[in-house]
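Input: a single structure, listed below in structure tokens.
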Amino acid sequence: MATGRTHRPATRSRGIPEATVARLPLYLRALTALSERSVPTVSSEELAAAAGVNSAKLRKDFSYLGSYGTRGVGYDVEYLVYQISRELGLTQDWPVVIVGIGNLGAALANYGGFASRGFRVAALIDADPAMAGKPVAGIPVQHTDELEKIIKDNGVSIGVIATPAGAAQPVCDRLVAAGVTSILNFAPTVLSVPDGVDVRKVDLSIELQILAFHEQRKAGEETAAGTGALPAAAPRGTAAADDSTDQGPDGDVPAVMPA
């Protein structure tokens, strides 16, 4: 297999929108489940329901891949798995380093879904000298002093940062300087990177805050329904009203935000 340093996915050059790219893993997950059950074909409505999107959006997304299905039959499951995997760059090996092997980093190292999706954890790195040599998920932890050599020796282009917030930017700078061009950031901070470096941020506390907002709103609606009163609408021009349009692509609020 080729390594992640010799190939970049073709989605940008082929003009696939970022919102569509963000949904491709959802389709792939649903299709993989169908494939494991030996389901040969699937309709756009069935696949859309399994992926949690509407069928019109799914058909539009697949049109960017040049896949239109067959009327009365649907989509070939195995071919779509291959097609989406190829578009996402998952038909090759992507070595990944995880920096910061605390509770979160160790949990990520133990996650079995990486290998099955084309991501090989090449190294675990931590700044604590006491961690050096200790096996986590069967991989010995290495000290951050070895970071640049590890990246070069393993041809790593994807780094995962699971450090405390204060250490994240220096780690990011070292990763980028060593040749890493894609970073998945779990640290609760915004990273600054040069052009040509892609960062995806996963902040679980932000997701919980969004859920808390929706729970509060539902509680308010239930209270209003019980009293027969309608919730007051925010006047136009206020922050509450204006923020209602601050959504992700196609009106969706993405769960994983670009940094």
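General remarks:
- Cα-based reach from LYS134 at 17 Å (exclusive), listing aspartates and glutamates while leaving out same-chain residues under 8 positions away: ASP126, ASP145, GLU146
- Packing-based ranking of 24-31, 63-70 yields 24-31, 63-70, ordered from highest to lowest mean Cβ neighbour count within 10 Å.
- For region 13-87, the per residue solvent-accessible surface stands at 54 Å², with DNA, RNA and ligands left out and a 1.4 Å probe.
- Label positions at ALA115 and SER35, each projected 7 Å from the Cα along the C-beta direction, are separated by 1.8 nm.
- Solvent-accessible area, 1.4 Å probe, carbon plus sulfur percent, for region 11-58: 53
- Taking every alpha-carbon pair under 8 Å whose residues sit at least 6 apart, region 94-201 reaches a relative contact order of 26 percent.
- Percent RCO, i.e. relative contact order, over region 13-87, from Cα pairs under 8 Å lying at least 6 residues apart: 39
- Most to least packed among 123-132, 189-198, 90-99 [average Cβ atoms within 10 Å]: 90-99, 123-132, 189-198
- ALA50/ASP145 FRET efficiency (R0 41 Å; Cβ-Cβ; nearest 0.05): 0.30
- The radius of gyration of the Cα set in region 48-168, together with its Dmax, comes out at 19.3, 62 angstrom.
- Nonlocal amide H pairs with VAL141, under 5 Å, H built at 1.01 Å: GLY133, LYS134, VAL136
- Note that region 121-230 presents 55 Å² accessible area per residue, ligands and nucleic acids not counted, probe 1.4 Å.
- The antiparallel fraction among DSSP beta bridges confined to region 94-201 stands at about 10%.
- Remark: region 26-75 carries a charge dipole of roughly 120 debye about the Cα centre, counting +1 on each Lys and Arg Cβ and -1 on each Asp and Glu Cβ.
The values are calculated or read from the model by the stated rules, or taken from the named source; none is laboratory data. Model, not experiment: these values are computed from the prediction. Because the Cβ atoms are built from the backbone with ideal geometry, glycine has one as well, and the counts that use them run over all protein chains shown. Ligands, DNA and RNA are stripped out before the accessible areas are found, and what is left, the full protein with its side chains, is counted by its heavy atoms. Shrake-Rupley method; radii C 1.70, N 1.55, O 1.52, S 1.80 Å.
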